[in-house]
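S.K.: Please read through the structure below; I'll follow up with questions.
The values are calculated or read from the model by the stated rules, or taken from the named source; none is laboratory data. These figures come from a predicted structure and were not determined experimentally. Here the Cβ is made from the backbone with ideal geometry for all residues, glycine too, and neighbour counts use every protein chain on show.
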Amino acid sequence: MIETVRNAWKIPDLRKKLLFVLFAIVVFRFGHAIYVPFVNTADLAAAFSAQNSSNLLGYFNVLSGGGLATASIFALSIYPYINSSIIVQLLQVAIPALERMAKDEGEEGKKKLQRITRYGTLVLAILMATGYYIMIRSMGVLTRSDVWAAIVIITTFVAGAMFVVWLGDQITEKGIGNGISMILLAGIVSQGYGALMKVISMPWWAAIVVLIVCILIIAFIIFITEGERRIPVQYAKRVVGRKQYGGQSSNLPMKVNMAGVMPVIFASTICGVPATIAGFFGNAQTSKMVGEGGWFTQGSVIYIIIYVLLIFVFAYFYSAIQFNPIEVANNLKKNGGFIPGFRPGKPTSDFIAKVLNKITMMGAIFLAVIAGLPLILSNVPGLMGLAIGGTSTMIMVGVVLETIRAIESEMMMRHYKGFLE
């Protein structure tokens, strides 16, 4: 990886793109140092640190780079855009018009879906900014709580979220890799210093355990992320005039972790909802659910069981959305392809569905291990408060691998000499 970046740095065009990505990340982090007006940031940070770590807002605060705890102008980060993208993607399954727009209208259809996603981002940003304002007002950290202050705070949060989305688009267009993923990576990495300090403050044996677990988790994530099941496909021979077409062998690749990190994000969100709702009230009744030793306290047995079950449910749900065996079988049949040992049509789709179920199970087990292991380790004496974020690690590894592949693709394109040289 280091060698790839070093070689890319030697190419002027790639060096400009890398510098632009670094500049955009600096702008993003600089925005986290600018706070919205009428908020006492010191009191807000103290209130966040005093809350239970299982709170959904605390989870989002880590992934957003700490902006929620300080009420920075980029506090919402790219979460309105991510949520809008997920909603639009799910609606493509329920609404035929959106599905046709994505599959049949080509580039123009993608632009329309992107426009819908942008409008959805704006709506969600307004809703999230309003909810965040209500929360910080209930905490008593506002220096001014009239209507004008509410308008200024909400507008600033919304403008910051839309600027971050625009910045991500600029990275995608003028830089290397996916801009939204790079911003998400920058937010997670910015919280690495706090996690490092926690590890240093642990006993020496606990620090060694943490280091070993981190290395094993990263290696495991890379192994599963790159893993795929390749189904052999044979294409029938066709004779057109004096030429023969087809007859070649190929394969149908199916990713082991086809759903990516989405099941973990959905499961974390749902499991964090009770703690977040309880945070608005803070009475004795809610402490039984999210207090010390409560049902939905992060690391409790019930929390881990529900968390793992939700990961399995969403893994199968998201894989079913991403990969349609019937559609794949029909495409193979139209192009004269078949899987050896299976007749085209329903037998082929049944076989693909069977394989999909098996690899989805392996992918769900992988996600459950990566996301659940840190929760289990947090119950070990000496490892309390350990912040090995399985979701964060998966995002970081995935973005790094994606960026490295993009850099290698750019280098290959520039070093390709063609057939005549």
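S.K.: Report whether or not G363 is surrounded by 19 or more Cβ atoms within 10 Å (Cβ to Cβ), more than 23 Å from Q92 (Cα to Cα), at pLDDT below 90 and touching a helix residue (DSSP H, G or I) at 6+ places or on another chain (Cβ under 8 Å).
M.R.: Yes, satisfied.
S.K.: Among the residues of region 355-363, is there at least one that is in a helix (DSSP H, G or I), among the basic types (K, R) and within 26 Å of the chain's Cα centre (by Cα)?
M.R.: Taking every residue of region 355-363 in turn, at least one turns out to be in a helix (DSSP H, G or I), among the basic types (K, R) and within 26 Å of the chain's Cα centre (by Cα).
S.K.: In this structure, does G227 turn out to be within 29 Å of P80 (Cα to Cα) and either out of contact with any Gly (no Cβ under 6 Å at 6 or more places or on another chain) or without any contact (Cβ under 8 Å) to a residue 12 or more places away in the chain (or both)?
M.R.: Numbers: within 29 Å of P80 (Cα to Cα): no; either out of contact with any Gly (no Cβ under 6 Å at 6 or more places or on another chain) or without any contact (Cβ under 8 Å) to a residue 12 or more places away in the chain (or both): yes.
Against the criterion (within 29 Å of P80 (Cα to Cα) and either out of contact with any Gly (no Cβ under 6 Å at 6 or more places or on another chain) or without any contact (Cβ under 8 Å) to a residue 12 or more places away in the chain (or both)), G227 does not qualify.
S.K.: Give me the pairs, please: first residue somewhere in region 164-175 and farther than 16 Å from K16 by Cα, second residue anywhere and among the hydroxyl-bearing types (S, T, Y) and assigned to a helix (DSSP H, G or I), beta-carbon distance under 9 Å, and either six or more positions apart or on two chains.
M.R.: V164/Y81; V165/Y81; V165/T121; G168/Y81; G168/S181
S.K.: In addition: Quick one: would you say L122 is touching a residue at least 40 places away in the same chain (Cβ under 8 Å) and surrounded by fewer than 20 Cβ atoms within 10 Å (Cβ to Cβ)?
M.R.: Taking the combined requirement at face value, the residue satisfies it.
S.K.: In this structure, is I265 farther than 30 Å from Y133 by Cα, surrounded by 11 or more Cβ atoms within 10 Å (Cβ to Cβ), in contact with a Ser or Thr (Cβ under 7 Å, 6 or more places away or on another chain) and at pLDDT 70 or above?
M.R.: It is false that I265 is farther than 30 Å from Y133 by Cα, surrounded by 11 or more Cβ atoms within 10 Å (Cβ to Cβ), in contact with a Ser or Thr (Cβ under 7 Å, 6 or more places away or on another chain) and at pLDDT 70 or above.
S.K.: What single numbered condition from (1) more than 25 Å from V93 (Cβ to Cβ); (2) modelled with pLDDT under 85; (3) within 26 Å of the chain's Cα centre (by Cα) fails to hold for G294?
M.R.: (3)
S.K.: To continue, here is another question. Which is buried (at least 18 other Cβ atoms within 10 Å of the Cβ), in contact with a helix residue (DSSP H, G or I) (Cβ under 8 Å, 6 or more places away or on another chain) and either charged (D, E, K, R) or at positive phi (or both), of G177, G160? Even if it seems obvious, please write down each step before you answer.
M.R.: Working: G160 fails: either charged (D, E, K, R) or at positive phi (or both).
Testing whether each residue is buried (at least 18 other Cβ atoms within 10 Å of the Cβ), in contact with a helix residue (DSSP H, G or I) (Cβ under 8 Å, 6 or more places away or on another chain) and either charged (D, E, K, R) or at positive phi (or both) leaves just G177.
S.K.: If I ask for residues that are without any contact (Cβ under 8 Å) to a residue 24 or more places away in the chain and exposed (fewer than 15 other Cβ atoms within 10 Å of the Cβ), which ones from region 327-344 would you list?
M.R.: E327, N331, K334, G341, R343
S.K.: Give the number of residues within region 18-41 that are surrounded by fewer than 19 Cβ atoms within 10 Å (Cβ to Cβ) and assigned to a loop (DSSP other than H, G, I, E, B).
M.R.: Selection size over region 18-41: 4.
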